[in-house]
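The values are calculated or read from the model by the stated rules, or taken from the named source; none is laboratory data. Since this is a predicted model, take the numbers as computed values, not measurements. Accessible surface areas use protein heavy atoms only, side chains included; no ligands, DNA or RNA. Shrake-Rupley method; radii C 1.70, N 1.55, O 1.52, S 1.80 Å.
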Amino acid sequence: MEMTKSVLRDICTQTKLYRTPHLNDKLYLNFKGFTHIAGLEEYVNLKALFLEGNALQSLAGMPRLEELKCL
């Protein structure tokens, strides 16, 4: 699965998070089959980002998330 803004918005809806990216302080992207990180630029207030269980080779594409405490 490709990590796009649309996919991220759908995941937020499914996990009962806000559809407006900057309102979220956590994001559950675990076990989705992602191979690359993309589309996270608008999630500037993230404090926790759950990425386990994906096929990521690196963190390339990860924007600078100033508030991030847990990865």
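Taking all protein chains into account, the per residue accessible area for the chain stands at 64 Å² (1.4 Å probe). The lysine pair count for the chain, using Cα distances under 14 Å and pairs eight or more places apart or on different chains, is 4.
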